[in-house]
1. Would you point out the residue of the stretch 177-210, among those that are loosely packed, with under 12 Cβ neighbours inside 10 Å and of a type in the set (Gly, Ala, Ser), that is modelled with the highest pLDDT?
2. Pick out, from the stretch 398-470, the strands (runs of 3 or more DSSP E) lying fully within it that include 2 or more residues that are closer than 16 Å to Asn349 by Cα and at pLDDT 95 or above.
3. Taking the stretch 338-360, which residues are under 23 Å from the mean Cα position of the chain (by Cα) and within 21 Å of Val291 (Cα to Cα)?
4. Within the stretch 286-310, can you find the residues that are charged (D, E, K, R) and farther than 18 Å from Asp250 by Cα?
5. Within the stretch 351-397, how many residues turn out to be more than 18 Å from Lys438 (Cα to Cα) and either in contact with a Pro (Cβ under 8 Å, 6 or more places away or on another chain) or not in a strand (DSSP E or B) (or both)?
6. Please specify each residue of the stretch 374-394 satisfying the condition of being at pLDDT below 95 and of a type in the set (Lys, Arg).
7. Might you let me know whether the stretch 211-223 holds any residue that is aliphatic (A, V, I, L, M), more than 30 Å from Asn351 (Cβ to Cβ), crowded, with 18+ Cβ neighbours inside 10 Å and touching a strand residue (DSSP E or B) at 6+ places or on another chain (Cβ under 7 Å)?
8. All but one of (1) buried (at least 19 other Cβ atoms within 10 Å of the Cβ); (2) at pLDDT below 90; (3) of a type outside the set (A, V, I, L, M); (4) in contact with a strand residue (DSSP E or B) (Cβ under 8 Å, 6 or more places away or on another chain) hold for His353; state the number of the condition that does not hold.
Amino acid sequence: MRIPTTETETGTGTRIPSHRRRKGSSDGSRARADASRRGPTPTKETEIPGRPLKRSSSTLSLDDAAGASNPTSTWAILNRYGARRDSFRRDDRDRTTSAVSYTSGGDQISVSFELVKPPETSLLTLDWPQGPRPSLGTTSYPYVIAAHGNVVLFQIVSPDKHARPSAIDYFVYNASRSSSSNHHPSLTRLPVSYWRRGDTIRPRIMSREGTCILSCGSKNSSSFVVAELERRSCQSSETNVYLFASGSDDWRVFRNVPIRHGDALAHLCCWTTDAVLSCHDRYMIWVDYLVAGMIVANVEHPGRVDPPEPVLWYVPLPVDPVADIDRGRGCPQASRSLCATHHGIKFVNVNQHGGSSSRSFSITLWSWHEDQTWREDATLDAAQLWELDSENRLPNVRPEFPVVDMENPYAVCFLLNERYHTADPNATTWMIKVHMKKKVLLDCTGYSNKGSSSTARRMSEGLSFISSEMPSYLSGKTIKRFLEGPLWPATHDAIEIEENGKMGFPKKQKKYTGKLAIDADYTDAEDERHLENAMTSNSSAGGLR
């Protein structure tokens, strides 16, 4: 299939404008700056409160041409903060996705989702009529901690009516794996986890960055495991694991669990979890982007109410650790992202060149393979990215918070937030999706600052996104999560650590030359099919949604 690089007929009667910006042209630079300041053109878009801006019917887009043939997706990008709905009128409740439970204070709550197709971002929505007023700030909104398969873990802060400290309630939204209409989503409040010091017992506050959830049920059961790593000593290659299995009444604590290959890593003493993810119904992963590694847990028999102690081991990422962590962590999630997709584990690194004020950057996409190696899939630099924006609509800022498409292993979604870089009240916020291998802008969405949903999105600024397969379960269309084959060897001995104590790469790992290594598990025919679907169902070359 030929990729349109000039104005080309698509076969549907829609023409794709793709005039190129001339390199070194001052007019082009001024046009980009003007377009960024203008934001979405008000005469061509219709603003709907709480929704992304959509193109008006006067402009025919590729979405219009495709119609409703592919209106949904099997996955979604969740914002960290959810929205408040607070309406229990029975006629308005979403009977398909709503689930009801009670807080520790006895308040009834209902949870559902506002799901849209990526790169647009979706929201967990909370009905809490007896809860704190939304005007009280972020503590009155739900916060999404982790997601995997048909489950989403989130927290809400319940104000105590008796002047005691606020209680943090943790809930798991569980969409049934069964396609039967008799199975509805459920909402489970987790029991309180306690810590003991001498004779003192107090509730634990779980880490929002370090708590992971694993969906591990069968077709007719929806079990899950929640786990948190707690590193008590910077000098030890051991960690405590707090684990809760659905169906049990309490948390289990596994103390001083060894991290295999961790004793030779000098940087492990600086470990701070930046992100979590799960895969394969048995693996839970904790990531430190500055240490440039991940701790993987193999949860044996995860469907049991009393699973055994998990096996932990360390796997390095295909980038160097940050040399001087003592200067502060900043926000590593903005430039590095480890993602679980239907085709395996992917890693994205946005490398900025020339200092913090520079707009020069390069993006690299990696994949983890069954031979225990990282392979480079594709690269994209700043000039190549802006060449894809033929309409000069996107703000010229560094892409942040990457999320790999769960369906297409070469498509990556990014946030472009002009408000991070200017005090202009008309600064724009965009989500874009780029095919890294084919160098094609697949889709982009501009967001308004108005509407109830925009409050949750504004509160989520500066926070990483979470990938979720919830749409596939709520639609009754469960999908196969990964290709066949083990993600890691059963012995976990394939990771090589250099003798000098520095972090080494896995065995058989070749030096990273910057050349493209084709993913053998993903054929070119599949790649062409994904690209063709995107070109015929999504707006292309900078279209506004």
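1. That would be Gly198.
2. Values: elements: 400-404, 411-417, 429-435, 440-447, 466-468.
Output list reads 400-404, 411-417, 429-435.
3. Scanning the stretch 338-360 gives Leu338, Cys339, Ala340, Ile345, Lys346, Phe347, Val348, Asn349, Val350, Asn351, Gln352.
4. Residues of the stretch 286-310 that are charged (D, E, K, R), as a first pass: 288, 300, 304, 306, 309.
Correct list: Asp288, Glu300.
5. 20
6. Arg393
7. Here is the first cut: in the stretch 211-223, the ones aliphatic (A, V, I, L, M) are 213-214.
Pick out the ones that are also more than 30 Å from Asn351 (Cβ to Cβ) and you get 213-214.
Checking the rest, the ones that are also crowded, with 18+ Cβ neighbours inside 10 Å come to 213-214.
So of that shortlist, the ones also touching a strand residue (DSSP E or B) at 6+ places or on another chain (Cβ under 7 Å) come out as 213-214.
Yes: the stretch 211-223 contains one or more residues that are aliphatic (A, V, I, L, M), more than 30 Å from Asn351 (Cβ to Cβ), crowded, with 18+ Cβ neighbours inside 10 Å and touching a strand residue (DSSP E or B) at 6+ places or on another chain (Cβ under 7 Å).
8. (1)
The values are calculated or read from the model by the stated rules, or taken from the named source; none is laboratory data. What you are looking at is a predicted structure, and each value in this text was computed from that prediction instead of being measured. Every residue, glycine among them, receives a Cβ derived from its backbone with ideal geometry; neighbour counts consider all protein chains shown.
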